[in-house]
Amino acid sequence: MHGAGNDYIYIDATREWPVFDLHLLARKVSDRHFGIGADGLVVLLPSLRADLRMRMFNADGSEAQMCGNASRCIALFARSRGLVHDDTFTLETNAGIKALRINRGDNGAVHSVTVDMGTASFDDSCLPAERDDNARRKLILATGDKAFTTVPVSMGNPHGVIFTDEISDELVHKYGPLLENHSRWPEKANIEFVHRISPSEFEMRVWERGSGETLACGTGACAAAAAAWLLGSTAGEIHLHLPGGILTVSRDDDGHILLTGPAAFVCDGVYYFDDSSTC
């Protein structure tokens, strides 16, 4: 399945708990040459706190706290497979419980999914402690030959949002991994390169922690919108144009960030897992 091109392999483990190493499985299935090929692995589990639980693993096998695009796909997956019986339900993640809503047209067909992503945090407890401009919550990250003014944001996982006049392949592929692994991030970070098109329209590319560049990032889109609002944007709804499609971010009356975008099935089948090799 994919959400705006951000593709993951989904496993329904609601009836049988997986007994194998999920970190290793994530690396194997994500390999685009020797596996299935994906940005990572998502395992759907029963929950005592919500309707369902999600565990999500990056392509390198590391476990992530949250994924907005994967959450939208889970909504479509769970509803179509009869794991839930309403178009609204709750999902337990490593970043807390999220509310999901399937949006349908007049003909009943699903056209998008909305996830209540909670509130953005600029608190030092989940982001780098040292700040270069506390008034604007900015962080200067030097990578040797270049310095970037970055807005650190947590959406349950760490993000560094960089507003730039243009986004190039060199910017993303050369500096993305350097910034992801910068010493100022306690647990690495997702890096968003964002170009303003208009007050409500932004172009964005993302270098994801543990996966590299992906076609879309839901939490990254929310972090970019939160950073834009922090820096003075008055747009009530922000549209992020990513290589895989458009994600829309808005806020409700309680300040919760709402992520809306597509979700789609690609295929399903059987994967034969050989855990004798660690490659």
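The values are calculated or read from the model by the stated rules, or taken from the named source; none is laboratory data. Source: prediction; values computed, not measured. Because the Cβ atoms are built from the backbone with ideal geometry, glycine has one as well, and the counts that use them run over all protein chains shown.
For region 214-231, which residues satisfy the criterion of being surrounded by fewer than 24 Cβ atoms within 10 Å (Cβ to Cβ) and closer than 15 Å to Ile162 by Cα? Can you show your working first?
Going through region 214-231, the residues surrounded by fewer than 24 Cβ atoms within 10 Å (Cβ to Cβ) turn out to be 215, 228-231.
Across region 214-231, the qualifying residues are Ala228, Trp229, Leu230, Leu231.
Going through region 75-95 one residue at a time, which ones are part of a loop (DSSP other than H, G, I, E, B) and out of contact with any Phe, Trp or Tyr (no Cβ under 8 Å at 6 or more places or on another chain)?
Restricting attention to region 75-95, the residues satisfying the condition of being part of a loop (DSSP other than H, G, I, E, B) are 81-87, 94-95.
Arg81, Gly82, Val84, His85, Asp86, Asp87, Asn94, Ala95 - these are the residues of region 75-95 that are part of a loop (DSSP other than H, G, I, E, B) and out of contact with any Phe, Trp or Tyr (no Cβ under 8 Å at 6 or more places or on another chain).
Every residue, every condition in (1) modelled with pLDDT of 95 or more; (2) surrounded by fewer than 17 Cβ atoms within 10 Å (Cβ to Cβ), yes or no:
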{"residue": "Ile74", "(1), (2)": "yes, no"}
{"residue": "Asp86", "(1), (2)": "yes, yes"}
{"residue": "Phe89", "(1), (2)": "yes, no"}
{"residue": "Ile97", "(1), (2)": "yes, yes"}
{"residue": "Arg104", "(1), (2)": "yes, yes"}
{"residue": "Ala120", "(1), (2)": "no, no"}
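Filter region 39-60 for residues that are without any contact (Cβ under 8 Å) to a residue 40 or more places away in the chain and touching a Lys or Arg at 6+ places or on another chain (Cβ under 8 Å) and give the result. Selection gives Val42, Val43, Leu44, Leu45, Pro46. Might you let me know whether region 28-40 holds any residue that is of a type in the set (Asp, Glu), in contact with a His (Cβ under 8 Å, 6 or more places away or on another chain) and closer than 15 Å to Thr219 by Cβ? No, because not a single residue in region 28-40 is of a type in the set (Asp, Glu), in contact with a His (Cβ under 8 Å, 6 or more places away or on another chain) and closer than 15 Å to Thr219 by Cβ.
Just one residue in the set Ala75, Ala26 is of a type in the set (A, V, I, L, M), at negative phi and touching a residue at least 40 places away in the same chain (Cβ under 8 Å); that residue is Ala75. Of all the numbered requirements in (1) over 13 Å from the mean Cα position of the chain (by Cα); (2) in contact (Cβ under 8 Å) with a residue 40 or more places away in the chain; (3) within 23 Å of Arg101 (Cα to Cα), Ala224 misses one, and that requirement is (1). Can you find a residue in region 165-185 that is out of contact with any strand residue (DSSP E or B) (no Cβ under 8 Å at 6 or more places or on another chain), in a strand (DSSP E or B) and surrounded by fewer than 19 Cβ atoms within 10 Å (Cβ to Cβ)? Scanning region 165-185 turns up no residue that is out of contact with any strand residue (DSSP E or B) (no Cβ under 8 Å at 6 or more places or on another chain), in a strand (DSSP E or B) and surrounded by fewer than 19 Cβ atoms within 10 Å (Cβ to Cβ). Take the conditions (1) within 15 Å of the chain's Cα centre (by Cα); (2) within 29 Å of Phe77 (Cβ to Cβ); Val161 misses just one of them, which is (2). Scan region 189-212 for residues that are crowded, with 17+ Cβ neighbours inside 10 Å and either more than 15 Å from Ala223 (Cα to Cα) or assigned by TED's automatic domain parsing to the domain that holds Lys28 (or both) and the total you get is 3.
When you scan region 199-220, do you find a residue that is aliphatic (A, V, I, L, M), assigned to a strand (DSSP E or B) and under 28 Å from Gly61 (Cβ atoms), even just one? Please lay out each step first, then the result.
Within region 199-220, the first condition is being aliphatic (A, V, I, L, M), and the residues that meet it are 204, 206, 215-216.
Keeping just the survivors that are assigned to a strand (DSSP E or B) gives 204, 206.
Those still in the list that are under 28 Å from Gly61 (Cβ atoms) too: 204, 206.
Yes.
So which residues in region 103-124 are assigned to a strand (DSSP E or B), without any contact (Cβ under 8 Å) to a residue 60 or more places away in the chain and under 30 Å from Arg184 (Cα atoms)? Across region 103-124, the qualifying residue is only Ser121.
Among the residues of region 247-275, those identified as touching a helix residue (DSSP H, G or I) at 6+ places or on another chain (Cβ under 7 Å) and either outside any loop (DSSP other than H, G, I, E, B) or assigned by TED's automatic domain parsing to the domain that holds Ala235 (or both) are Leu247, Val249, Ile257, Leu259, Gly261.
When only residues in region 226-246 that are assigned to a loop (DSSP other than H, G, I, E, B) and of a type in the set (Gly, Ala, Ser) count, which is modelled with the highest pLDDT?
From region 226-246, those assigned to a loop (DSSP other than H, G, I, E, B) are 231-236, 243-244; that's our starting set.
Adding the requirement that they be of a type in the set (Gly, Ala, Ser) leaves 232-233, 235-236, 244.
Details: Gly232: 90, Ser233: 89, Ala235: 87, Gly236: 91, Gly244: 97.
That would be Gly244.
Taking region 245-279, which residues are among the small types (Gly, Ala, Ser) and either buried (at least 19 other Cβ atoms within 10 Å of the Cβ) or in contact with an Asp or Glu (Cβ under 7 Å, 6 or more places away or on another chain) (or both)? Within region 245-279, Ser250, Gly261, Ala263 qualify.
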